[in-house]
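The values are calculated or read from the model by the stated rules, or taken from the named source; none is laboratory data. Given the structure is predicted, the values throughout are model-derived calculations rather than measurements. Reconstructed Cβ throughout: ideal geometry from the backbone, glycine too, with neighbour counts over all protein chains shown.
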Amino acid sequence: MAFPALPLLFLLGAAAAPPRGAARGYCLHPSHCGLSVSPTAAALLPPLSALAATPRQSLSPTAPAAAPVLLALRGGHTEQEQQNSIHEQHNSIQEQLNSEQKQQNSIQEQLNSEQKQQNSIQEQQNSEQEQQKHLSSKEGHPKVHDEPLRPEAQQQVYMQEQPDEEDAAAEALERKALQDSLRESLASVEKHLRRRVPAGHADFRVQTELAQLQQLLKQQLADGLRPQISVYVHPTNIREWIVLLHPPRDSLYHGDTLRLRLSLPVDYPLRPPSVFFIKPIPVHPHVYSNGDICLNLLGSDWHPSLSVLKLALAVLSMLLSASTKKAPQDDLLRPQFVSASVCVACLGRLHSDATTPAGSRDTQFLYHDDRL
């Protein structure tokens, strides 16, 4: 039996709420739920006997007669379920978008990894090409090809690379020897700087130059650079020096022992120091076999503003400017001169006596030509 939906809802709305302990579910008759129903509403409801006689299938929520009542009673629940469904769909779409974004990020990372591998391979190829160019540029080195070298070619490459390793070992030993020389030089200089003299003292200028050399030697030791000179001061005489010259490896005099002896006069720096080579004497157009040096700074071009360091560097520069090792043209004839000896390279070297010792201030030079 079907009932109109609107009157039934109106009548049920006037009913009291079910007791607090009543069981939840669908109530088929108000008297079972403890509700008080008006006489008008009771007349519209079927009797209990009719409900009891109704088959169970017709009492199910899906029966045609009960559908309007159940839908009306569950109207609020349906809207909430729709909202929940929409919210779940939104979350599902968002999760799908996040999953797609993760896939895109993974693909991008894979592309970046492949790009890095390609860059690494390219750098390795460039490095191999640079090594091949370096090996090919060496004089007498066989051209490097992509195919493996034959055993005899490999032996030839090994024989040519072996001298390079020997040169590197020799250079390391030389560098260590120079560093040791700098330490000894620094110790001899600092010994004369422990007690400073006043400004008016005769040794004040000498101590000032030693202090400058001290800073230079410390800097060279700290930087590990190849030094140009080393200085050894006499333990008890601050005016007697031995200066070691260190030519570069690619110079004509590399490997030679070059030692200068300097004696500073009492009136230094008004007068230049006495400077000459001690044995072994280098072979040079401006250096005599007795150690005398034909250099204008030791004579007429000397100035009090010059120092021992500048003078030693000038002698080293003179040696490095030579293209060949040869003695002065008049060096062998020098003992035959009784009153004078002439430096042909400088066009003007005069001795008051042929037996004048090296570095003597009696030796005078006339510097008309500094060409070698």
Which ones in region 225-247 are surrounded by 18 or more Cβ atoms within 10 Å (Cβ to Cβ) and of a type in the set (S, T, N, Q)?
Ser230
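From the set of residues in region 206-224 that are among the charged types (D, E, K, R) and surrounded by fewer than 16 Cβ atoms within 10 Å (Cβ to Cβ), which is nearest to Pro272 (Cα to Cα)? Talk me through it step by step, then tell me what you get.
Going residue by residue through region 206-224, those that are among the charged types (D, E, K, R) are 209, 218, 223.
Filter once more, keeping what is surrounded by fewer than 16 Cβ atoms within 10 Å (Cβ to Cβ): 218, 223.
Details: Lys218: 27, Asp223: 32 Å.
Filtering first and then ranking leaves Lys218.
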Tell me which of these Arg175 doesn't satisfy, since it passes every other one: (1) part of a loop (DSSP other than H, G, I, E, B); (2) charged (D, E, K, R); (3) under 42 Å from the mean Cα position of the chain (by Cα).
(1)
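Would you mind stating whether Gln132 is surrounded by 14 or more Cβ atoms within 10 Å (Cβ to Cβ) and at pLDDT below 80? Steps first, answer last, please.
Details: surrounded by 14 or more Cβ atoms within 10 Å (Cβ to Cβ): yes; at pLDDT below 80: yes.
For Gln132, the condition - surrounded by 14 or more Cβ atoms within 10 Å (Cβ to Cβ) and at pLDDT below 80 - is met.
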Is it the case, given these coordinates, that Gln207 is over 29 Å from Leu270 (Cα atoms) and at pLDDT 75 or above?
no
Note on region 244-261: residues modelled with pLDDT under 95 and hydrophobic (A, V, I, L, M, F, W, C) are Leu244, Leu245, Leu252, Leu258
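Restricting to region 211-228, and then to whatever is assigned to a helix (DSSP H, G or I) and touching a residue at least 60 places away in the same chain (Cβ under 8 Å), can you tell me which residue is nearest to the chain's Cα centre (by Cα)?
Taking region 211-228 as the starting set, the residues that turn out to be assigned to a helix (DSSP H, G or I) are 211-223.
Imposing the further condition that a residue be touching a residue at least 60 places away in the same chain (Cβ under 8 Å) reduces the set to 212-213, 216.
Values: Gln212: 32, Leu213: 32, Leu216: 27 Å.
Across region 211-228, the extreme among qualifying residues is Leu216.
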With Asp331, Asp301, Asp250 as the choices, which residue is surrounded by fewer than 16 Cβ atoms within 10 Å (Cβ to Cβ) and either closer than 22 Å to Leu216 by Cβ or without any contact (Cβ under 8 Å) to a residue 60 or more places away in the chain (or both)?
Asp250
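Mind checking whether some residue in region 330-351 is modelled with pLDDT of 50 or more and among the polar types (S, T, N, Q)? So that I can check it myself, show each step before the final result.
Kept after step one, since they are modelled with pLDDT of 50 or more, are these residues of region 330-351: 330-334.
Now narrow it down to the ones that are among the polar types (S, T, N, Q): none.
Scanning region 330-351, I find no residue that is modelled with pLDDT of 50 or more and among the polar types (S, T, N, Q), so the answer is no.
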